[in-house]
Amino acid sequence: MAVALVAVACGEHKGKTEAPAPLLTVEVAKAISEPVVMPMRFQSLIYSNYDATIQPRTQGYLLTKEFSKGMPVVKGQTLFTIDAAEVRLAVEANRSALSSAKVALAEATNNYRRAVPLAAIDAISQSSLDQYKAAYAAAQAKVESAQAELDNSLLELSYATVKSPIDGIIDDTGATIGDWVGQGTAYSTLATVSNTEQVGVHLQIPFARYLQLRGEGRDGAPSYDNRGLLSDISLILSDGSEYPYKGTYGYTERNAGDQTGTIIIVANFPNPRRELKIGQTATVVANVGSPKGVVLVPQRAVLQQLGTAGVWVVGADNSVSYRLVTLGTTFGDMWIVESGLSGGEVVVTGGTQKLRSGQKVKTQFKS
């Protein structure tokens, strides 16, 4: 009987089958293959596109300084006045010389006019008439010369009032009231006015990268018209906010491909409210190059450790495998995958902690 009971128990055990474990459900997404324009981030300094150096054109003692450092000035505004006493004396002397020359011209004119009818009736000789005519011409020339001297001295005197040639922001001067200033002195330059209605930034692109973007070979020559290379140029302010005005392509510096190994492209930003300051650090983000086909995956699908990156890929039979990939840059909330993955493949975006290679899973696409 005991043997029979054991046999019955063994038979009942063999008849029972264990229920299969439920498949692990993981969130997945498809790798996308589409053309995108590659964004690049640049660190630069804001600078003025145009600076006017204020250099006095006459010598003298500095009388006044009529501006405040760092304040805006307008074209034609008086910045400095210089004591040009010697020039003023020259102006008065030239005025007197001009007056004397005009008196002499009046006398010569009268003499010549009286001599003409006298010569017609042979009352005076032809040589005498020629002398009167020559004196008249000489007097005219002397008036013109005296007038030119006066005009020149007046021009020199106008240089004693130094005005701004442009609208902009002015820096300070090293000269103080009473200093001897002008060409050939220690203060041949008094200040600089920077036009800030539009400011520029330097965007440095590695030369090899530039050739790649241009679609040229290693020996390709750089182009100095790259207006189609940049698009959607934005400036990020120090507080992380985006500057409200977009940038535009300015020009490419001629020293492209020099020993720095970079191409320097200048982008311009309008600055109507003078919000951007010269010398301010700027972060610029711009789309660089033409649209290029790339593979994109959600950033949450990528696992990075010890300098490597990988994704869990779901095969056609719903089994998973871990695959190393080469990453490019981020694009919004996506990673650009340069190699290791093809568009259309399914990657795991959530629930990767319990995965093992070869394991079958139940997929759930997250909207």
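List of remarks:
- In the chain, the DSSP beta bridges split such that about 95 percent are antiparallel, to the nearest 5.
- Ascending count of other beta-carbon atoms within 10 Å, so fewest first, for GLU156, GLU107: GLU107, GLU156
- Cβ-placed point charges (K, R +1; D, E -1), dipole of segment 85-158 about Cα centre in debye, nearest 20: 280
- For the residues PRO117, PRO270, PRO35, a GNM of the chain with alpha-carbon springs under 10 Å puts the largest fluctuation on PRO117.
- Lys/Arg +1, Asp/Glu -1 at C-beta; the chain dipole; positive extreme among PHE365, GLN280, LEU89: PHE365
- Calculated FRET efficiency for the pair GLU34/ASN195, C-beta based, R₀ 45 Å, to 0.05: 0.60
- Inter-probe distance in nm under a simple model that places probes 7 Å from Cα toward Cβ, at TYR322 and ALA123: 12.7
- Farthest toward positive dipole pole in the chain [+1 Lys/Arg, -1 Asp/Glu at C-beta], among SER44, VAL28, GLY289: VAL28
- Positive dipole terminus of the chain, leading residue within ILE54, ALA148, PHE207 (C-beta point charges): PHE207
- Unit charges on C-beta of K, R, D, E only; dipole of the chain, Debye: 1360
- For segment 72-159, fraction of C-alpha pairs farther apart than 16 Å, in %: 65
- Pairs exceeding 20 Å between alpha-carbon atoms, taken from LYS102/LYS142; LYS69/LYS277; LYS69/LYS246; LYS65/LYS277: LYS69/LYS246; LYS65/LYS277.
- 19 Å reach of a label modelled at GLU86, 7 Å along Cα-to-Cβ, counting backbone N of segment 137-166: 149-162
- Listed by chain and number, the aspartates and glutamates whose C-alpha is less than 12 Å from the C-alpha of LYS366, apart from same-chain residues fewer than 8 away, are GLU27.
Only the coordinates and a few stated rules stand behind these numbers; no lab work does. Computed from a prediction, not measured in an experiment: that's the story for all the values here. With ideal geometry, Cβ positions are generated from the backbone for all residues, glycine too; neighbour counts draw on all protein chains shown.
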